[in-house]
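Shown next, in structure tokens, is the structure this report addresses.
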Amino acid sequence: MQGTMKCGVYYGVKDVGVEELPIPQIGPKDVLVKILRAGICGSDTGAYNHGGLPYGIFPGMPFGHEMVGRIVEKGADVEDDIQLDDIVFVEPGQAKKAGMMMTDMCGAFCEYVNVQDAKRDVNLYILDKNVDLDAAALIEPVSVGTKGAVVGGVSVDDNVVVLGAGTIGQAAAAALVARGVKNVIVMDRNDWKLDISRAIGAKTINSNTEDVRAKLVEYCGQAPREETDFSALDPKVLKILSDMTSSGMTNVSAALPDVDLFIDCAGAPAMLEMAFGLCRPHTKYSIVSVYGGNLSLPGGLFVTNQPVIYGSKAYNHEIIQEVIDHISNEKTCIKKIVTKKYPISQFKEAMEAASNKQYKNLKVLIDYEME
């Protein structure tokens, strides 16, 4: 296909624009995808607010990696299980021969993307032609949240707490609700985000205005513990234990909520430290957030409560398939996180709306059908 296309391009901090660039020319193993929706990710807003290099977004480059589109051109050597007019989710980490290096500069903020060495269920996932495009644009971030929610294993009867009601936190909660987990709780400091969590099907706690320990005990019950008759302790010992609990050195004398799993999607050290102080024996922690520095956690609790900590990175084929099933079969209300849409011609406004907290946007989409 010949001609030019509109592309959202990154230049520097608070500096993006729209350029007319040549439509990519595909090779015999490639497909050309006309992008229909693209999501603005936290890495995109991080680059916009703080600089792109830590996020793999370089000056002068088109960027964006959350996308759904339609195949409009197909190379001669592409397999028959990929056809023109297929509606597809593009897996950005494998869309280019350069691999993960080009994930965040995959080009979702361009009208067309060349998917190199196109393979079904590898870098292209075929969607139902009637899929809700706004929801389908969320497949990539929802896959991140879903992986974090299930990496350590979860059952429908588990009590699960999601820390943070941003896009990934909402995605984790939505995945658990779609799986049938009965008690999913989202914790955040912003009521407007927690309103969305409730719409998705989760219970909520505002950690800024509510007693977190008391609310978790209310939602999850009190964790069983070794029998200790605290009334039989010397008052001096009881006072010391109380002081140790208050400082986070131990939680032996406090009522603990019966939480099976905490999923950290907040990236707020204080919130994770608080949650760690609430662990009962063998509580699991899934860390999805990316921390730039060190974390301080009470060392004694590693011994007394033997917590299990998992790290979670990106997603895999099985997770993507699960998310597509949840979205295609309307098992999730995750579309409720979409708070604003813009055409690509208003890319600057879209980036500012997504990056500035005063606008109270959770997920901003570029809708290429709005032009």
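The values are calculated or read from the model by the stated rules, or taken from the named source; none is laboratory data. Fair warning: this is a prediction, and the values are worked out from it, not measured in the lab. We place every Cβ from the backbone using ideal geometry, glycine too, and count neighbours over all the protein chains shown. For accessibility, only protein heavy atoms count, side chains too; no ligands or nucleic acids. Shrake-Rupley method; radii C 1.70, N 1.55, O 1.52, S 1.80 Å.
If I filter the range 87-108 for residues that are surrounded by fewer than 20 Cβ atoms within 10 Å (Cβ to Cβ), in contact with a strand residue (DSSP E or B) (Cβ under 6 Å, 6 or more places away or on another chain) and either in contact (Cβ under 8 Å) with a residue 40 or more places away in the chain or part of a loop (DSSP other than H, G, I, E, B) (or both), do I get at least one hit? Within the range 87-108, one or more residues are surrounded by fewer than 20 Cβ atoms within 10 Å (Cβ to Cβ), in contact with a strand residue (DSSP E or B) (Cβ under 6 Å, 6 or more places away or on another chain) and either in contact (Cβ under 8 Å) with a residue 40 or more places away in the chain or part of a loop (DSSP other than H, G, I, E, B) (or both). Within the range 35-44, can you find the residues that are small (Gly, Ala, Ser) and in a helix (DSSP H, G or I)? Residues satisfying the conditions are GLY42, SER43. Just to verify a result, which residue in the range 289-312, among those that are touching a strand residue (DSSP E or B) at 6+ places or on another chain (Cβ under 6 Å) and either aliphatic (A, V, I, L, M) or modelled with pLDDT under 90 (or both), is surrounded by the most Cβ atoms within 10 Å (Cβ to Cβ)? Looking at residues that are touching a strand residue (DSSP E or B) at 6+ places or on another chain (Cβ under 6 Å) and either aliphatic (A, V, I, L, M) or modelled with pLDDT under 90 (or both), I get ILE309.
The single residue among GLU111, GLU140 that is within 13 Å of VAL323 (Cα to Cα), open to solvent by 10 Å² or more (accessible area, probe 1.4 Å), of a type in the set (Asp, Glu) and out of contact with any Leu (no Cβ under 6 Å at 6 or more places or on another chain) turns out to be GLU140.
So that you can scan it fast, the table gives a plain yes or no per residue for (1) open to solvent by less than 10 Å² (accessible area, probe 1.4 Å); (2) hydrophobic (A, V, I, L, M, F, W, C); (3) not in a loop (DSSP other than H, G, I, E, B):
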| position | (1), (2), (3) |
| --- | --- |
| GLY46 | yes, no, yes |
| PRO59 | no, no, no |
| VAL72 | no, yes, yes |
| ASP80 | no, no, no |
| LEU84 | no, yes, no |
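Residues in the range 353-364 that are in contact (Cβ under 8 Å) with a residue 24 or more places away in the chain and either surrounded by 16 or more Cβ atoms within 10 Å (Cβ to Cβ) or in a helix (DSSP H, G or I) (or both): ALA354, SER355, LEU362, LYS363, VAL364. Within the range 180-195, being farther than 13 Å from ILE337 by Cβ and either free of Cβ contacts under 8 Å to residues at least 24 places away in the same chain or of a type in the set (Lys, Arg) (or both) holds for LYS182, ARG189, ASP191. Considering (1) surrounded by 15 or more Cβ atoms within 10 Å (Cβ to Cβ); (2) out of contact with any strand residue (DSSP E or B) (no Cβ under 8 Å at 6 or more places or on another chain); (3) at pLDDT below 95, the lone condition that VAL323 does not fulfil carries the number (3). Among the residues examined, MET105 does not qualify as closer than 21 Å to GLY39 by Cα and modelled with pLDDT under 95. Residues that are of a type outside the set (Val, Ile, Thr) and modelled with pLDDT of 90 or more were ranked within the range 246-266; the one that is nearest to GLN170 (Cα to Cα) is CYS265.
Among the residues making up the range 329-352, those that are in contact with a strand residue (DSSP E or B) (Cβ under 7 Å, 6 or more places away or on another chain), part of a helix (DSSP H, G or I) and of a type outside the set (Val, Ile, Thr) are SER345, PHE347, LYS348, GLU349, ALA350, MET351. Being over 19 Å from ILE324 (Cβ atoms), of a type outside the set (Lys, Arg) and out of contact with any strand residue (DSSP E or B) (no Cβ under 9 Å at 6 or more places or on another chain) is true of GLY56.
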